[in-house]
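Data block below; observations after.
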Amino acid sequence: MSQDIGSDLVKDALRTAEAAATGLTIDSAGCAQSATPAAETVTYPKGFTAEDYANSPVILKPITTFAEEKTYDIVVVGAGTSGMPAVLTALEEGAKVACLQRESVAGAQGNAGAGLILEESTELGILRWIQGYREACSYRCNLGLAEFWARHSGETLAWMDLQSAAAGYPPVKGSTVLAKKETADGSYVTTAMHTWGTKPESVWHLVLAMAEYAKKLGAEMFYSTPAVQLVKTGDRVSAVIGKNASGAYIKFNAKKAVILATGDYQNNKSLVERYSPDLALFAPKQFNKTGDGILLAAGVGGGIVPVPHTKQMHDMDAAPMTMTSLPFMAVNQDGVRFMNEEIPMINWNLPLRYGPGEDKGRFCRIFDNDYTKTAVGWGPPPTSIAAMQNYIPGAVASPVGVKPKLIDTHVANTLDELATKLKIPAEALKASVQRYNELCETGFDEDFGKQKKYLVPIKTPPFWGIRQWVRITATCGGTVVDKNYQVVDIATKKAIPGLYSVGWGAGDLTGGIDWPLYQGGMSIGSCQTSGRYATIHAMKGNFTPAKPAKWSDVKASYGK
C-alpha cells in the first residue's frame, strides 16, 4: 500500500509555476494540458492518440536543434521513488549521471518500503512466497517482475537503509518490522519493512534528502526540465531531450542507458479513460503524473501492457489511517447506506462507482461517541477522542502531522447538525441511521450481510462523521518491459538497447484490477528495487552490485 506523503500545499504552489515552466496549463482535475499543441501532422504510436500527447510535455515530431548538448553514462528521467535509487546506484557503479526532473524539486509519494530477506529465507520459502503473491493477483501478475522483486528487494531494502542514513533521513526509529512465515514442510520466508515518515513543517521527505545527497556525490540534477523526446541511433536509444524553464532544448547523450522513472498516468485524462476507465470517475491524488515515460517509450517503439491496470485508491487524510480499517456505517452523498462496510479501503472505489455525484470518491462514515469501546477488536485500536481533534477542521489551532486542507472529520450533538457538516441530506441520514439501528438490534443485516459483531447501533451523542474522499494514489500499469525492466519494442518483441523503464510507469507487476494486500510496503519497495537493479543491469549487463548492502549491517535495527 502506498501513502501520499507530499505536501498538498506545496503541490498547489508548484502547479502554476511548473505549468508555466513547461508550457502547460492545469485543468480542474489536475491534468496537464498543452498550451500550444503542435499543428503539424504526426503519426501516433499504436494504442496512443493525439490527446494523450496533448496531455503531456512529450513531443513526437523530431527535434533537431539544441541549445546545448551534454554527455553522461546514465541519464535518469524523474527524481522520485524509483529515480533517486537509480541515480545513487549509478553513482555507486562509477557512472557519470544526470537526472531530469519535470518539477522544480525532487518529489514522490509513499513512506514505507519492504523487501524479501534472502539470508533469512529458504529457497522453497521464496518460491512459495512468489506463488502466494501470484494467487493474490489472481495469477495475472508478470511472473518475471515478481521474481525480480523477490530476488533483489532484500538487498535494496538494506541498501536504502544505509543510503537514507547517509543522506540524513534514516528510517523512523522503531518503525522497522521483521516477519517470518513458516510452512508445515519446514520452509520459511522472511520479509522486512521500514518507514521514513515525514516532516510536514519543512515539507521534507526521503527523496529530497536523497537528491541533495546525490548532488554532493556528483550527480547533475536538472529541475524544471521535463524529458520531451528520446533519440535513437540505429536500434539503440542514445539520448533524451529535455526542455528547460526557458523553453530551450538540451540533448542529454547516454552512453549506457536512459532510465525512465516518471511515474504513472493518473493525470492524463485520455489515457485514464482508455486504459482505466473506471478511474475517470475519481479525482487524482497526485499531479503531473501524465504518463510521460510511457509516451516517451512509445515514441521509439514501446507499448503499454494489456488492461486491466492495477490501481491504488486511498483516503488516509480525512481521518487517522487506523480508522480506515474499522467498518463503521457508511452512507453515500445522498445520505443512503450503500455497502457492506467490511469492504476494505483499497476497494471502496468499487461500490462507489455506482453512487451519486460527479466525483464518485465522496462518502461518509458514521458512528457515535461510544466508538472507543464498541469498536475494540474490530481491527487496530480506535483512535482516541482526544487524538481525533487533530482531524476536525478548526478544532486545533495548529494541527500536527496532517494536511489541513484535507482533514474532514466532524462531530455534532444531533444528526441534523452532523448532516450539515458532512454536506449530505439530513432526512436521508436520519432514516439511514434509524434503519441501521434496527438491523443492529436484530443482529441480522438483511440489507448487506455485515457480520453481527460489527453491528453496533448509533445512539450515544455526540455523533461522529468522517467525510471520506477516495482518490487515485497510483495507476500500476505501464510500458511493456522484460524481466530486466528493459523496454520492449512491441514490433520486434525484443528489448530496446539503452532504454529502461522502472516504477509504476513500467510493466504489470500486479496485473490485476486492485492492489493486492499481500505484502505491506511492496509498492514503494518495488519502485526502489526496479530503479536500483535496472540501473545495475544497464551498467553491467548483470545484477551484481559494485557495493552490495549486507543484511547483517542493518538487521539489528529491525524488530523480531
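The values are calculated or read from the model by the stated rules, or taken from the named source; none is laboratory data. Fair warning: this is a prediction, and the values are worked out from it, not measured in the lab. Neighbour counts run over all protein chains shown; Cβ positions are idealised from the backbone, glycine included. Side chains are part of the model used for accessible areas, which takes the heavy atoms of the whole protein and leaves out ligands, DNA and RNA. Shrake-Rupley method; radii C 1.70, N 1.55, O 1.52, S 1.80 Å.
Only one entry of I366, I346, I294 meets the criterion of being closer than 30 Å to K452 by Cβ, outside any loop (DSSP other than H, G, I, E, B) and within 18 Å of the chain's Cα centre (by Cα), and that entry is I346.
For H314, the conditions (1) of a type outside the set (A, V, I, L, M); (2) buried (at least 22 other Cβ atoms within 10 Å of the Cβ); (3) modelled with pLDDT of 95 or more are fulfilled apart from (3). Taking the residues in the stretch 495-547 that are open to solvent by less than 30 Å² (accessible area, probe 1.4 Å) and of a type in the set (F, W, Y) as candidates, determine which candidate is farthest from G293 (Cα to Cα). Top of the filtered list is W515. Under the condition of being open to solvent by 20 Å² or more (accessible area, probe 1.4 Å) and either within 20 Å of F338 (Cβ to Cβ) or touching a residue at least 24 places away in the same chain (Cβ under 8 Å) (or both), the residues counted in the stretch 356-382 number 15. Within the stretch 136-147, identify whether any single residue is open to solvent by less than 40 Å² (accessible area, probe 1.4 Å), assigned to a helix (DSSP H, G or I) and touching a Gly at 6+ places or on another chain (Cβ under 6 Å), and answer yes or no. Yes: the stretch 136-147 contains one or more residues that are open to solvent by less than 40 Å² (accessible area, probe 1.4 Å), assigned to a helix (DSSP H, G or I) and touching a Gly at 6+ places or on another chain (Cβ under 6 Å).
Rundown of residues vs (1) open to solvent by 10 Å² or more (accessible area, probe 1.4 Å); (2) free of Cβ contacts under 8 Å to residues at least 40 places away in the same chain; (3) within 30 Å of L230 (Cα to Cα), yes/no style:
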| residue | (1), (2), (3) |
| --- | --- |
| F444 | yes, yes, no |
| I466 | no, no, no |
| G477 | no, no, yes |
| K493 | yes, yes, yes |
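Note on the stretch 520-543: residues that are in a loop (DSSP other than H, G, I, E, B) and touching a strand residue (DSSP E or B) at 6+ places or on another chain (Cβ under 6 Å) total 2.
Answer with yes or no whether G234 is among the small types (G, A, S) and over 19 Å from the mean Cα position of the chain (by Cα). Here the answer is yes, as G234 does meet what is asked. Residues that are within 20 Å of G531 (Cβ to Cβ) and in contact with a helix residue (DSSP H, G or I) (Cβ under 8 Å, 6 or more places away or on another chain): does the stretch 197-207 have at least one? Checked the stretch 197-207: at least one residue is within 20 Å of G531 (Cβ to Cβ) and in contact with a helix residue (DSSP H, G or I) (Cβ under 8 Å, 6 or more places away or on another chain). For the stretch 204-223, the set of residues classified as open to solvent by 50 Å² or more (accessible area, probe 1.4 Å) and at pLDDT below 95 consists of W204 only.
Only residues that are closer than 18 Å to A297 by Cα, open to solvent by less than 40 Å² (accessible area, probe 1.4 Å) and part of a loop (DSSP other than H, G, I, E, B) were counted across the stretch 224-265, and they come to 7. The condition (being within 14 Å of S523 (Cα to Cα) and β-branched (V, I, T)) is satisfied by just one residue among T183, T195, T176, T190: T195.
Taking the criterion of being over 21 Å from G357 (Cβ atoms) and open to solvent by less than 30 Å² (accessible area, probe 1.4 Å), the residues of the stretch 391-426 that qualify are I392, V402, A412. If we scan the stretch 298-306, do we find a residue that is part of a helix (DSSP H, G or I) and at pLDDT 95 or above? So far as the stretch 298-306 goes, yes, one or more of its residues are part of a helix (DSSP H, G or I) and at pLDDT 95 or above.
Please work out if M323 is assigned to a helix (DSSP H, G or I) and more than 24 Å from T510 (Cα to Cα). Considered against the rule, which asks whether it is assigned to a helix (DSSP H, G or I) and more than 24 Å from T510 (Cα to Cα), M323 comes out as yes. Just checking, does the stretch 67-88 include any residue being open to solvent by 30 Å² or more (accessible area, probe 1.4 Å), in a loop (DSSP other than H, G, I, E, B) and modelled with pLDDT of 95 or more? So far as the stretch 67-88 goes, yes, one or more of its residues are open to solvent by 30 Å² or more (accessible area, probe 1.4 Å), in a loop (DSSP other than H, G, I, E, B) and modelled with pLDDT of 95 or more. Which residue is farthest from E103 (Cα to Cα), if the candidates are limited to the stretch 29-60 and must be at pLDDT below 50 and in a loop (DSSP other than H, G, I, E, B)? Among residues in the stretch 29-60 that are at pLDDT below 50 and in a loop (DSSP other than H, G, I, E, B), the one farthest from E103 (Cα to Cα) is A39.
Scanning the stretch 276-290 for residues that are open to solvent by 30 Å² or more (accessible area, probe 1.4 Å) and either at pLDDT 95 or above or under 13 Å from G505 (Cα atoms) (or both) yields one hit, K289.
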